[in-house]
Amino acid sequence: MATGSYKPAGDLKRPYVHGYDSRELIRLQDQASTLADLLHYDTVYPPGSRVLEPGCGVGSQTVTLARNSPGADILSVDISSPSLHEARKRVKNAGLSNVNFMQGDIFNLPFAPASFDHVFVCFVLEHLSRPLAALTRLKDLLKKDGTVTVIEGDHGSAYFYPDSAAARQAIQCQVELQKCAGGNANIGRELHPLLNKAGFRSIQVSPRMVYADASKPHLVDGFTRKTFTAMIEGVRTSSLEAGILDAETFDKGIQDLYRTAEPDGVFCYTFFKAVASC
Ligand SMILES: C[S@@+](CC[C@H](N)C(=O)[O-])C[C@H]1O[C@@H](n2cnc3c(N)ncnc32)[C@H](O)[C@@H]1O
């Protein structure tokens with residue numbers, strides 16, 4: 001889930017909507033550490049298995065993957081070389097030695113068919129204009145009975161108290177920008193049909209809801225403020241430049257999103273985690 005300096009490549013028609021600046025790096029890290037238990041408690045790969053993580057970004061999920069499966073051999077790939085640089089540092093600082101990194105495009109990875117036991121893709125399909133083609137390509141790289149794990153958000157699942165039309169409009173800016181860049185910020189709800197069309201079987205989709213109220217201060221801070229609202233706030237300039245919303249309404253929307261993190265506020269968002277076999 002997720003706004004640049006790298007050249008669009010592969011499937012990206014326009015630059016990655018969240019960009020690669022330092023605020024986005026911090027946001028991705030906050031997102032990963034806040035959501036680690038919710039999203040990853042059941043992602044464990046057996047010792048000796050080969051795991052491919054395409055679109056690893058700055059390695060926020062990679063660290064959790066590698067810790068949860070210390071015996072697995074993880075290969076993490078991204079199209080962005082600055083992100084890979086950051087990911088390498090992060091994994092090294094975490095003292096993990098079971099991860100290798102490679103720059104590459106998810107649509108054109110230089111591996112023979114059936115090279116991996118498992119593929120793990122998190123918050124990547126939402127940025128691709130051809131997510132089905134990506135899944136089909138990844139399926140070819142899996143061994144017989146190998147698995148794919150896909151985690152995506154869905155901005156249509158965001159609701160909150162106090163409700164706010166301006167906040168919903170600000171969120172919609174992100175949805176529109178992502179659409180213009182060829183992606184789909186509401187892709188979480190499509191994981192089952194996409195995996196089915198790609199030819200996977202035994203597809204299990206598990207919705208993972210983040211529910212944040214004052215009784216869960218770590219989620220209010222880590223998710224409502226630092227992950228979700230920070231993400232929407234990050235698309236202010238692009239949204240105004242694209243003429244999707246006026247500055248006053250956008251800023252009111254952000255203010256109202258922060259308002260949901262006050263002691264009487266509530267914020268809900270659902271991620272979708274799918275696991276399927278070849
Ligand atoms: C939202 S980030 C997610 C990073 C990481 N998976 C996480 O959850 O923190 C999406 C990543 O996908 C990468 N990406 C986008 N298109 C790609 C492609 N065609 N091939 C490989 N990586 C790609 C971007 O460079 C970016 O690092």
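Okay, here's what the table says:
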quantity: Unique residue being hydrophobic (A, V, I, L, M, F, W, C) and closer than 30 Å to THR149 by Cα when the list is ILE232, ILE254, ILE244; calculated: ILE232
quantity: Enumeration of residues in region 42-80 that are acidic (Asp, Glu) and more than 12 Å from VAL119 (Cα to Cα); calculated: ASP42, ASP78
quantity: Hey, ALA66 assigned to a loop (DSSP other than H, G, I, E, B), of a type outside the set (Asp, Glu) and either within 18 Å of the chain's Cα centre (by Cα) or more than 12 Å from the ligand (Cβ to nearest atom) (or both) or not; calculated: no
quantity: Test result for SER60, in contact with a helix residue (DSSP H, G or I) (Cβ under 6 Å, 6 or more places away or on another chain), of a type in the set (S, T, N, Q) and modelled with pLDDT of 95 or more; calculated: no
quantity: When residues of region 93-119 are limited to those that are away from the ligand (no atom under 16 Å from the Cβ) and surrounded by 13 or more Cβ atoms within 10 Å (Cβ to Cβ), the one farthest from ARG67 (Cα to Cα); calculated: ALA114
quantity: Hey, ARG168 more than 17 Å from the chain's Cα centre (by Cα) and surrounded by fewer than 16 Cβ atoms within 10 Å (Cβ to Cβ) or not; calculated: no
quantity: Some residue of region 121-137 being farther than 24 Å from MET231 by Cβ, within 11 Å of the ligand (Cβ to nearest atom) and part of a helix (DSSP H, G or I); calculated: yes
quantity: Count of region 184-209 residues which are in contact with a Leu (Cβ under 7 Å, 6 or more places away or on another chain), among the aliphatic types (A, V, I, L, M) and over 18 Å from SER129 (Cα atoms); calculated: 2
quantity: Helices (runs of 4 or more DSSP H) fully within region 147-255 counting 3 or more residues that are out of contact with any Lys or Arg (no Cβ under 8 Å at 6 or more places or on another chain) and more than 30 Å from VAL51 (Cα to Cα); calculated: 165-180, 236-241
quantity: Selection from region 71-114 of residues that are more than 22 Å from VAL148 (Cα to Cα) and part of a loop (DSSP other than H, G, I, E, B); calculated: SER80, ALA94, GLY95, LEU96, SER97
quantity: ASP117 out of contact with any Pro (no Cβ under 7 Å at 6 or more places or on another chain), assigned to a loop (DSSP other than H, G, I, E, B) and either at pLDDT below 95 or acidic (Asp, Glu) (or both); calculated: no
quantity: Residue under evaluation LEU52, criteria (1) surrounded by 23 or more Cβ atoms within 10 Å (Cβ to Cβ); (2) in a loop (DSSP other than H, G, I, E, B); (3) modelled with pLDDT of 95 or more, criterion not met; calculated: (2)
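Quick grid of which residues meet (1) surrounded by fewer than 17 Cβ atoms within 10 Å (Cβ to Cβ); (2) modelled with pLDDT under 95; (3) of a type outside the set (Gly, Ala, Ser); (4) in contact with a Phe, Trp or Tyr (Cβ under 6 Å, 6 or more places away or on another chain):
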| position | (1), (2), (3), (4) |
| --- | --- |
| VAL121 | no, no, yes, no |
| GLU126 | no, no, yes, no |
| ARG130 | yes, no, yes, no |
| ALA133 | yes, no, no, no |
| VAL148 | no, no, yes, no |
| GLY156 | yes, no, no, no |
| TYR161 | yes, no, yes, no |
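The values are calculated or read from the model by the stated rules, or taken from the named source; none is laboratory data. Everything numeric here is computed off the predicted structure, so don't read it as measured data. Positions of Cβ are generated from backbone atoms using ideal geometry, with glycine treated the same way; all protein chains shown enter the neighbour counts.
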